[in-house]
Each structure stands twice: as structure tokens, then as C-alpha cells.
1. Report the gain in length on full extension from Asp128 to Val397: 0.36 nm times residue separation, minus Cα-Cα distance, nm rounded to one decimal.
2. Roughly what would the spin-label model give for Val353 and Lys2, points 7 Å off Cα along C-beta, in nm?
3. On the first, second and third principal axes, largest extent first, how far apart are the outermost C-alpha atoms of the stretch 218-321 in Å?
4. Could you state the orientation-averaged shadow area of the convex hull built on the Cα atoms of the stretch 55-122, in nm² to one decimal?
5. Compute the distance in nm between two label points, each set 7 Å from the Cα along the Cα-to-Cβ direction, one at Ala384 and one at Ile79.
6. How far, in nm, would the chain grow between Ile250 and Thr89 when pulled straight, counting 0.36 nm per residue and subtracting the alpha carbon separation?
7. Expressed in nm², what is the orientationally averaged projection area of the convex hull enclosing the Cα positions of the stretch 81-164?
8. Compute the Rg to Rh ratio over the stretch 282-384 from the alpha carbon atoms, using the Kirkwood formula for Rh, and round to two decimal places.
Amino acid sequence: MKLFSLLALGAFINSIGTGLTAFGVATFVYTTFGNASAIALTQLAAFAPIVLLSPVAGVLADRLDRRLVMMAGDGGSVIGLAVVWFAVTQPNPNLGLILAGLVLSSVFAAFTEPALRASVNDLVGEKDYVRTSGMLQFAASAKYLFSPLLAGLLLRYSNLGILLLIDMSTCLVTVVCSLAVRKAYGAASHASSEEGFLSQLRSGLRSLTASRPVVVAVVLMTVLTFSLGFLQTLLKPVLLPIASVEQVGIAETITAVGMFAGAGMVALVGKGAPHRLLAMGIAGVGVAMVCLALVPNRWWIAGCGFVVFASLSLCNAGGDVVVRTSIDNKHQGRAWGAIGFLSQLGFIMAYVVAGPLADGVFEPLLRPGGSLSGSIGTLIGTGAGRGTALLIATLGVGTLLLAIAPLTVRMADAPKEPPASNDGE
């Protein structure tokens, strides 16, 4: 557990650096290029490679030493950050060069997550799986909870270049942590060198479909990221009609604290049947999303958002335990790579459809004189943002109905090999 704690500490520090860059780059491109499209492009450049490369990264986490993969990923991402640093420090910053640096950094960073998650099975026993899940969520929440406040403070007295240098230094800290663990644990790989790369890539998907509880967990995780993607996209349109920009920032910070608090709660509890954790977490997300729409008050909305993110920690912990207890250790890397790819597709789908669905369908329903203004409008209000709130509540109802799914499946299988394949290389 001590060795994994060192990896988790490195991930926590790196997460803060990543958040500093995300906040700083978004602010920089908006003030420099003056449009929201530039921000969208930077988010896509930083997010898409991680999703698309997850299956490949998972296979490498099984073929190679996992700590070595993490060192290469964190160290290589510094190169991309250096490109971004060069671009933003020029007299005439070039958006294309900024995007290229973000893509390069993201390509390397994509290889760290599956290796980190797979390292749990190397370094801790099954009784600590829930606790380690909480620790990983705690580390991931740092970029949402601490980084925005820290970046805003630093930008008062410095510039984006300084934030990027800090981020680079945090990457090097994680390299040192991974190196220390590798020296203590020793080099290790979990896949036969005779098994081809493409065969391992396919076996990552087969390892998921071989276990019904894993299939259920992955489907639920994908649906949850879809709902979370809607909430992330639509929270500002719900808040801005009733709150100032500063108040929106405070409300979003309160919401992010839910992720931090939920991860801490899971880490402290350290136990719980996975199907119960999933069911309770999904129910909490659904109820909170429904309640969010009921009262057009910024603090009420922030409180509901807090509950959503706290409940997600239970879902993540339950899903983690299902995967770790149902899939053999030597297939953990490729399994997490495939899971990352499939589950994160929920975000991409949400980002594509959330805006048009809110603006073109739900907002007109609750405008003054809209078709639902005399019915649902009397309960949750009418006007700007209320239709978007109704969309979030609708998704909340659908999410709540899913809470029964984990209770209908025995969410734990003995670790097993994926079905044999006749595929040749």
C-alpha cells in the first residue's frame, strides 16, 4: 500500500499541474483570439488523444513494465508542454502551434492512466481496492478543486508561461515517484512476448465481454459519463441567467468539492459490495440531477451539483472493484484501456448533442408562452435556463432508473482468461 500511495501522490501533484495548464490555456486563447471556438479546439486537442489511444495504452501497460510506461508518458508529455510554452511566449502566438503542443502532450499522457490503474493490482491486495479507488479519484479531483483557484491567483502576478513551467515540473515529480516505486517493486511485465500486439488489443475487448458484471459496469459507466458531460456543458447556461460570473465560479467550485469529498469518503470507508456502491451512486446522481431543476437558486443548484459528484465517487469505486475482481491481473492494463475508450465516449456524445438539444428543443418549451410553461413551468419556473434545467432533470430520471441494474446482476466474478482467439498476426 505504501508503494501505491507514492504513485497516488505523484498523480495528485500531476493533476494540479494539468489543471493549471487547462485553466491558463483556456483563458489565454480566449483573450488572445477572442472566440469560444478557440477554447473548444484546445479542449478537443487535450481530450481526444487520451480517449482514442486508451486501448493501445492499455495493451502497452500489459506488454511492458507499468511503471516504465508511466515514466515515459509523464516525461514525454513535457515535450508537448514545452511546445505550448514556446508558442505562448512569442510576440504573435500561433493557435495551430498551441494545439499541436497540446496534442503531443496528450498523446504521451494517454499512456499513464491505464498503467496507473493496472498498477493497483500489482501493489495492493483485494481488500484495499475500494480504498485505492478513492485515492485515485482524490488525485483526479485536484485539477477541478485546487487548480482553478491556484491558477487565478498565479495569473495575477505572472503569466501562462509560468503555469506551463509549473506543470512541466509536476510531470517530472511523477516520473521520480514512478522510478522510486519501480526500484522498490522491480521491473515487471504481464504479457507473453509471443502474444502479438493486435491480438492483445482484441483480447482487451474480449476480457470485458467475457464477464457479465464487467459488461454491466462498463455500460453504466458510459451512461454516467454521458450524463456528466451534459451537466458539465449545461451548468453555466442554467446558472448565468440567475447569477453573476463570479457567483457562477463559486458555485462550480462548490460542485467540484463534491468530487473531492466523495473520493475522500470512499477512501476512508474502504469497503462495500460493488453492486451496492454502484446502485447507491447511480441513485444519488439521478436524484440530485432531478432536484437541481426544481429551484432556480444558485446555491441550491451548487448543492445538487455537489451531491452529483460525490455520488459519482461511489459509482467509480464500485466499477473499479468489479473490474479488478473479474479480470485477471495480466489483462488489467488492456482492460482499463478499453474501458477508458468506451466510457469516455459518453463525454464526446454529450458534448456533441447537449447544446443543440438544450437550445433547439428544451429551452423553447419553458419560455413564456412555451408549450410547457403552463404545466411544468409552474413548478420549476420559466424563462432563460429553465428549459435547460428540465433537460438535466430528464436525464436525471433516466439515470435514476438505471440504479436497479447493478442489483439484478451478481457484480463479482472470479478472475478469468478472455475467450481464446484464432486471430493470427
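1. Details: separation 269, 0.36 × 269 = 96.84 nm, distance 3.30 nm.
So the chain would gain 93.5 nm between Asp128 and Val397.
2. So the label points at Val353 and Lys2 sit 5.1 nm apart.
3. Reported extents, whole Å, longest axis first: 42, 27, 19.
4. 4.5 nm²
5. So the label points at Ala384 and Ile79 sit 4.7 nm apart.
6. On the way: separation 161, 0.36 × 161 = 57.96 nm, distance 3.03 nm.
Result for the pair: 54.9 nm of gain on full extension.
7. On the way: hull surface 27.6 nm².
In nm², the orientation-averaged hull projection of the stretch 81-164 is 6.9.
8. Details: Rg = 18.7 Å, Rh = 16.6 Å.
In the stretch 282-384, Rg relative to Rh is 1.13.
Only the coordinates and a few stated rules stand behind these numbers; no lab work does. From a predicted model like this one, the values you see are computed outputs, not experimental measurements. Glycine gets a Cβ as well: all are built from the backbone with ideal geometry, and neighbour counts include every protein chain shown.
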